[in-house]
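*Asks:* One structure coming up, written as structure tokens, with questions to follow.
The values are calculated or read from the model by the stated rules, or taken from the named source; none is laboratory data. Here the structure is a predicted model, which is why all the values come from computation and not from measurement. Quick reminder, even Gly has a Cβ in these numbers, built from the backbone with ideal geometry, and neighbours come from all protein chains shown. The accessibility values were calculated without ligands, DNA or RNA, using every heavy atom of the protein model including side chains. Shrake-Rupley method; radii C 1.70, N 1.55, O 1.52, S 1.80 Å.
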Amino acid sequence: MERQLRSVRRHDTAAADVTPWKIRMRRVSAVSREGLEELSKSRTATLGGIMIVFLFVVALLTPVLATHDPIKPDYRDRLAPISSEHYFGTDKFGRDIYSRVLYGGQRTIAISVAAVAFGLAIGIPFGILSGYFGGRVDAVGMRFVDGLLAFPGLLLYLLIVTLSREWKLEGFWNDAILVFALGFAFMPEVARLARGAALVEARKEYVEASHVIGEHRFSVAMRQILPNCVSPLIVNATVRLGYMILIIAALSFLGLGTPPPTPDWGADLNVARDHMEQHPMIAIFPGLAICFSVLAFNLFGDGLRDILDPRTAER
Amino acid sequence: MLVYVLNRILQLIPVVFVLSVLVFGFVHALPGDVIDSLAGDEAAEDPEVRAALEKEFGLDQPIYVQYAVWAGKVLQGDFGKSLVTRRPVSVELLERIPATVYLAVVGIGLSMPIAVPLGTIAAIRRNTPTDYAAQISSLIGISIPEFWFAILCIMLFSLHLGWLPSSGYVSPLDDLGLSLTYLVLPALAIGFRQAAYTTRLTRSSMLDEVHKEYVDTARSLGLPERKIIYKYTLRNALIPTVTISGLQLANLLGGTVVLESIFSWPGIGLTIYQAIQLRDFPVIQAGVLVLGVMVVTINLLVDILYRFLNPRVGLS
Amino acid sequence: MSEEQKGSDAGRASLFSQSRREFLGTMAVAGGAATFGLPRMSRAQPKHGGTLRFATRVDGAGLDPHRNIVYYVSNPMAATTQGLLDIDQKMEIVPGVAEEWDISDDLKTYTFRLRKDVEFHNGRTVDAEAVKWNLERMMDPATSHAFTRASLEDVESIEVDDKYTVRVRLLQPSAVFLGNVIYYPVNLIAPDSVDQADTHPIGCGPFKFVSWKKYAKTELVRFENYFESDEFGNRLPYLDAIEFFPKREDQVRLTALRTGEVDLIENMAFSDVTNFKQSYASEFQTWDVPQVGSGHLNINVKSGPFAMDAPDGKLLRQAVAHAIDKEAIHQAVFEGLAYTLKGYYSEASPWHMPGIRNEKEYDPEKSRSILRKLNMENLPIAVVSRQAFEYMQNTAELVHSMLLDAGFKATNEVFDNPVLRQKYANNDWGIDSTATSYRFEPDGWYSRWILSTAAENELRVGYKNEQVDKLIIEARGTRDRNKRLELYTEVESLVNDDAALIYTHAVPLTSAGTRRLKGYQPAFAGPYSIAGGGIRTAHFEESA
């Protein structure tokens, strides 16, 4: 979705780039300085922010809040209903769903955040350098990005995740590979976005000025241009965090998600679908957890957009 | 305009080339090959047999030679044969791509008549319960995991209400009426999510328009509010909605894997997914390449349409 | 070949063909009585007609029955072809396309006499030439699947004696070769149709191929000249046509049955079976298909601490075996529907061996004490399983936690088939939750998995026990069934003690269908290659 928005907007140079950079700077700094105040003006951002804070707090407190070992099965106590022992009941292996949802959340959020961060970390320099240097570098770089963007839907994810299965996977590295795959597939959008902003900024006076005073080109690109294209990236990344959670769930459904027994919302929801009729509770809690977090990131992203991007502002 | 269009078309050539290299690279980097996957759960192939099969499939050549051979054939319109079914890939693609396009187009088509009025009303009655209801329902629409929503749909509409068949596919060319009954549930599952996107988009572009100067001018000229909204604002607000729906369509071409799998819909997404599992290289390569070309073409058309509808955008 | 020998085999065959007809009658009546819960009564003749809509879990990969392996009991193409011989509901090998056979005294020559009235779907007669051509094509690596080839690896040559007599010479004595020419792995197709094997295969089974729309639908119609007939002299099969719909999702398949979109489904989710049987008995019937596959845990004994030649390998493997709580797997993975195994064959199988010894009981304390004694606590072990089968993954998941419990440092990973096979080849795995199926003839299991020279064993497990090898080869040359059972009992007891391979459960398989469907009883081979049963005798009750 965001990708489409961008790709239309990227040709809509008039609208996207007409805002003077000073105003943009002011807007960005407003967020950093008076961030909370600014955010609280947007009802959606406030609500989303509260939900996200809740998610992060719960994720951090998971070891305290959890009541059971999330991977310890007990077949004598399988498919148990909600009780004071098991707040959300138990799954088909007799594991405590409440604890699994907590640990799964910790993991899901960590992976989404890491994947988005990774996507930004490779996409932003790629895009900015491409836009800044222009010419042949830009042409080659952008054709690469366009080629990646032409993979429709989930196909790029499917290919990369299947590909990465070859590598030795254990514990942390397993998650790292998922992060890599999700982040890499996010990269082209980021690069596009960053490049669009960089193209405009590169022609601005201040960049010229820094040339004149002899700053190194690379550092100019990163130091001067980056802050000016941050706002659309923030919005995009926030909404993307929610989308990542859904992609992880879809990959789990297709058998490419987290290997068991690691708690994972998508995988747990996927496994629970066999019991949907008799024991709907198993599916409901991880399902709601996914909805809640995606909603939180979307709300917050919407709110941020109101503040940062006047074009789609809701005023 | 014409120069612009021609220029854009020329730009597609390197993109498609890069896409072909990327997909070829990805595919050949996949762990294992079709010989392993055809061996299945049991029965190891001995080395001579493996060597013979690799030769037959051309897998024994250096990768760049394989690419050159493949690309050369593709340029002549020959996608080769599936290593699994041993039928021409083009035949398989011609069976599957229309099924996915059919699903995606109807899914998006279903979403529009719901989403556009909903988004418009939400924008007009901003910050009222109607607006909140529209916003919340559309946010829920994009927050539910697709496969979960699809299974819930089947349980509700098929199992409990008995209104619709649960899954399956009938070609519209064989029996349009029957085909549509099979289409409704998967299209609904797509449409719900699309409607959520479109509602949000329509709402925000309506809000954009409502605050533009011409609206004030029109008001000051005494034009009725209704006329302003429906004649001018909505029309302008629909430009991004329509164009982005076009882009959504492109994205859906490979994005319906999960739904195709649940609804037993023999589409291209499912085919490519299965081909990845089986390491059926020619099918993956041709599938992704053809879809990619469709994606960039749709993107181009949308771009041109956007410029056509919105002449303010420069033809840089 | 002695006259006596020849006579007894011919006699056996005719006995079977006679008993087959009686058997068919009783089965049909028994089936009817069971489904209605009514007293035994005389049965009306089944009428031809009707289209069966059958939702299956998977779709075939390709059409050529030699090149593609038909793993699943549900693969539609299985109804279009059959082997030289059939099996019956009790897993006995019975006459089919070949009505009689002789086995030479030295067990190296098998002579099959074919029925004269069997045709391929294109009208060509199934004669000795056609059988020879088929077997040879199945032995050619360029045109066949390795699994099929493995079943014919003993074949030295195939000769045509006369139009309806085919003689197979073996490289080494085998009393078990009959088991290798039944449907699956052997599927006969018309030699003059080889060009269309990938697009429109021509078999000789009860149903003719019409069309295949991958992932959507397979259509078959009745082969009007199919050679089998029922007790009233009516030609089988009864159904006019079968439409197969691959529906991957268990829930969707079941929903399709409940809403009347299909008449028959297979591979019900284990979690649905018990409740469905209780709640919907009035509308739907269910069939438990016995002994389709057996689940087992393989330990990598080619290298590493568990290896056959590692100093404490055996003890460590036994520590693994003691850590496995089969009851937990039985309940949590199979919902209490499976048979817990001590050997390959469950008590539902005619090859069940009650005397198997040395099964390692569940005793994690014992495992821990072994690890302590060897000073190998926290020994790493990688549990792996295959993506395509949920029960394998679920079993692996539990095994992983059991091994952690017993003091191993276990990891758990799920791979798709090509990656897993690479891991086997690179010895990059520890314990594999897997299963094997279609072993109607036990030699197909022991010779192709347990024997140290078996390809699959060499690639994967690396199990090697000379005594076991000797027993398997001895059993292969033994005609007496009871003697073979004794030998195999000994093999299994040794296998259990070596603990390179731990049997877990016979995988349950349940089909469900509308009550209107009669005469359908899937058996060991699933619905298809049952002489006088399965899909061949299925028919619809006439609407009143």
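*Asks:* Check whether at least one residue in region C:464-473 is surrounded by 22 or more Cβ atoms within 10 Å (Cβ to Cβ) and either in a loop (DSSP other than H, G, I, E, B) or touching a residue at least 40 places away in the same chain (Cβ under 8 Å) (or both), and report yes or no.
*Replies:* No, the conditions are met nowhere in region C:464-473.
*Asks:* Quick one: which residue in A:S112, A:S99 is within 14 Å of another protein chain (Cβ to nearest Cβ), of a type in the set (S, T, N, Q) and assigned to a helix (DSSP H, G or I)?
*Replies:* Just one listed residue meets the conditions, A:S112.
*Asks:* Tell me which of these B:D33 doesn't satisfy, since it passes every other one: (1) at the interface with chain C (Cβ under 8 Å from one of its Cβ atoms); (2) without any contact (Cβ under 8 Å) to a residue 12 or more places away in the chain; (3) not small (G, A, S).
*Replies:* (2)
*Asks:* Answer yes if at least one residue in region C:396-413 is open to solvent by 20 Å² or more (accessible area, probe 1.4 Å), touching a helix residue (DSSP H, G or I) at 6+ places or on another chain (Cβ under 7 Å) and free of Cβ contacts under 8 Å to residues at least 40 places away in the same chain, and no otherwise.
*Replies:* Looking through region C:396-413, none of the residues is open to solvent by 20 Å² or more (accessible area, probe 1.4 Å), touching a helix residue (DSSP H, G or I) at 6+ places or on another chain (Cβ under 7 Å) and free of Cβ contacts under 8 Å to residues at least 40 places away in the same chain.
*Asks:* Go through region C:46-64 residue by residue and tally those that are open to solvent by less than 10 Å² (accessible area, probe 1.4 Å), out of contact with any Phe, Trp or Tyr (no Cβ under 7 Å at 6 or more places or on another chain) and either away from chain B (no Cβ under 13 Å) or among the aliphatic types (A, V, I, L, M) (or both).
*Replies:* 1
*Asks:* Of the numbered conditions (1) part of a helix (DSSP H, G or I); (2) at pLDDT below 90, B:D60 satisfies every one except a single condition; which is it?
*Replies:* So B:D60 meets the others, but not (1).
*Asks:* Could you grab me the full set of residues in region C:322-361 that are within 14 Å of another protein chain (Cβ to nearest Cβ), among the small types (G, A, S), part of a loop (DSSP other than H, G, I, E, B) and open to solvent by less than 20 Å² (accessible area, probe 1.4 Å)?
*Replies:* Within region C:322-361, just C:A338 meets the criteria.
*Asks:* If you don't mind, another one. Has region C:150-170 got any residue that is under 27 Å from C:R484 (Cα atoms), surrounded by fewer than 16 Cβ atoms within 10 Å (Cβ to Cβ), acidic (D, E) and in contact with a strand residue (DSSP E or B) (Cβ under 7 Å, 6 or more places away or on another chain)?
*Replies:* Yes, region C:150-170 has at least one match.
*Asks:* Going by the structure shown, is A:A176 open to solvent by 40 Å² or more (accessible area, probe 1.4 Å), at pLDDT below 85 and in a helix (DSSP H, G or I)?
*Replies:* Values: open to solvent by 40 Å² or more (accessible area, probe 1.4 Å): no; at pLDDT below 85: yes; in a helix (DSSP H, G or I): yes.
Considered against the rule, which asks whether it is open to solvent by 40 Å² or more (accessible area, probe 1.4 Å), at pLDDT below 85 and in a helix (DSSP H, G or I), A:A176 comes out as no.
*Asks:* Here are some conditions: (1) assigned by TED's automatic domain parsing to the domain that holds B:E225; (2) over 25 Å from the mean Cα position of the chain (by Cα). B:M112 meets all but one. Which one does it not meet?
*Replies:* The single condition B:M112 does not satisfy is (2).
*Asks:* Here's a follow-up. Could you say which residue among A:A209, A:A194, A:A221, A:A198 is in contact with a Phe, Trp or Tyr (Cβ under 9 Å, 6 or more places away or on another chain) and either at pLDDT 80 or above or open to solvent by 10 Å² or more (accessible area, probe 1.4 Å) (or both)? If you could, list the steps in order and put the result at the bottom.
*Replies:* Values: A:A209 fails: in contact with a Phe, Trp or Tyr (Cβ under 9 Å, 6 or more places away or on another chain); A:A221 fails: either at pLDDT 80 or above or open to solvent by 10 Å² or more (accessible area, probe 1.4 Å) (or both); A:A198 fails: either at pLDDT 80 or above or open to solvent by 10 Å² or more (accessible area, probe 1.4 Å) (or both).
Being in contact with a Phe, Trp or Tyr (Cβ under 9 Å, 6 or more places away or on another chain) and either at pLDDT 80 or above or open to solvent by 10 Å² or more (accessible area, probe 1.4 Å) (or both) holds for just one of A:A209, A:A194, A:A221, A:A198, which is A:A194.
*Asks:* Also, I was wondering about something else. Does region A:50-67 hold any residues that are open to solvent by 50 Å² or more (accessible area, probe 1.4 Å) and either under 18 Å from C:V333 (Cβ atoms) or not in a helix (DSSP H, G or I) (or both), and which are they? Break it down stepwise before answering.
*Replies:* Step one: of region A:50-67, the residues open to solvent by 50 Å² or more (accessible area, probe 1.4 Å) are A:50, A:53-54, A:56-57, A:60-61, A:63-65, A:67.
Scanning region A:50-67 gives a single hit, A:T67.
*Asks:* Select, from B:L110, B:L53, the only residue that is away from chain C (no Cβ under 14 Å), crowded, with 19+ Cβ neighbours inside 10 Å and either β-branched (V, I, T) or not in a loop (DSSP other than H, G, I, E, B) (or both).
*Replies:* The conditions single out B:L110.
*Asks:* To continue, here is another question. Condition (residue is more than 8 Å from chain B (Cβ to nearest Cβ) and touching a Ser or Thr at 6+ places or on another chain (Cβ under 7 Å)) applied to region A:143-164: is it met by at least one residue?
*Replies:* So far as region A:143-164 goes, no, none of its residues is more than 8 Å from chain B (Cβ to nearest Cβ) and touching a Ser or Thr at 6+ places or on another chain (Cβ under 7 Å).
*Asks:* Do we have A:P70 as under 28 Å from C:Y391 (Cβ atoms), buried (at least 19 other Cβ atoms within 10 Å of the Cβ) and modelled with pLDDT of 85 or more here?
*Replies:* Working: under 28 Å from C:Y391 (Cβ atoms): yes; buried (at least 19 other Cβ atoms within 10 Å of the Cβ): yes; modelled with pLDDT of 85 or more: yes.
Yes.
*Asks:* Find the residue count for region B:80-94, including only residues that are of a type in the set (V, I, T), under 25 Å from the mean Cα position of the chain (by Cα) and open to solvent by less than 10 Å² (accessible area, probe 1.4 Å). Give the steps one after another, and end with the answer.
*Replies:* First, pick out the residues of region B:80-94 that are of a type in the set (V, I, T): B:84-85, B:89, B:91.
Okay, now just the ones that are also under 25 Å from the mean Cα position of the chain (by Cα), so B:89, B:91.
Add one more test, that the residue is open to solvent by less than 10 Å² (accessible area, probe 1.4 Å), and what stays is B:89.
Qualifying residue count for the region: 1.
*Asks:* I'd like to know if region B:168-187 contains one or more residues that are assigned to a helix (DSSP H, G or I), under 29 Å from C:E243 (Cα atoms), within 14 Å of chain A (Cβ to nearest Cβ) and open to solvent by 20 Å² or more (accessible area, probe 1.4 Å).
*Replies:* To start, the set of residues in region B:168-187 that are assigned to a helix (DSSP H, G or I) comprises B:176-187.
Cutting the leftovers down to under 29 Å from C:E243 (Cα atoms) gives us B:176-187.
From what is left, the residues that are within 14 Å of chain A (Cβ to nearest Cβ) are none.
The answer is no; no qualifying residue exists.
*Asks:* Quick check on region A:115-136. Is at least one of its residues within 13 Å of chain B (Cβ to nearest Cβ) and either open to solvent by 10 Å² or more (accessible area, probe 1.4 Å) or outside any helix (DSSP H, G or I) (or both)? Steps first, answer last, please.
*Replies:* Of region A:115-136, the ones within 13 Å of chain B (Cβ to nearest Cβ) are A:136.
If we keep only those that are either open to solvent by 10 Å² or more (accessible area, probe 1.4 Å) or outside any helix (DSSP H, G or I) (or both) as well, we get A:136.
Within region A:115-136, one or more residues are within 13 Å of chain B (Cβ to nearest Cβ) and either open to solvent by 10 Å² or more (accessible area, probe 1.4 Å) or outside any helix (DSSP H, G or I) (or both).
*Asks:* Using beta carbons and a limit of 7 Å, which pairs, at least six apart or on different chains, have the first residue in region C:133-148 and more than 11 Å from chain B (Cβ to nearest Cβ) and surrounded by 22 or more Cβ atoms within 10 Å (Cβ to Cβ) and the second one part of a helix (DSSP H, G or I) and not aromatic (F, W, Y)?
*Replies:* From residues that are more than 11 Å from chain B (Cβ to nearest Cβ) and surrounded by 22 or more Cβ atoms within 10 Å (Cβ to Cβ), the pairs are C:M138/C:T148; C:M138/C:R149.
*Asks:* Let me ask another. Which ones in region A:75-96 are hydrophobic (A, V, I, L, M, F, W, C) and open to solvent by 10 Å² or more (accessible area, probe 1.4 Å)? Step through it out loud before you land on a result.
*Replies:* Looking only at region A:75-96, we keep the residues that are hydrophobic (A, V, I, L, M, F, W, C), and these are A:79-80, A:82, A:88, A:93.
Correct list: A:L79, A:A80, A:I82, A:F88.
*Asks:* I need a count of the residues in region B:236-262 that are within 7 Å of chain A (Cβ to nearest Cβ) and within 30 Å of B:H211 (Cα to Cα).
*Replies:* Within region B:236-262, residues that are within 7 Å of chain A (Cβ to nearest Cβ) and within 30 Å of B:H211 (Cα to Cα) number 5.
*Asks:* When you scan region C:203-291 for strands (runs of 3 or more DSSP E) that lie fully inside it, which ones turn up with 2 or more residues that are open to solvent by 20 Å² or more (accessible area, probe 1.4 Å) and away from chain B (no Cβ under 12 Å)? Lay out the reasoning, then the answer.
*Replies:* Details: elements: C:207-213, C:217-222, C:241-246.
Here the list reads C:207-213, C:217-222.
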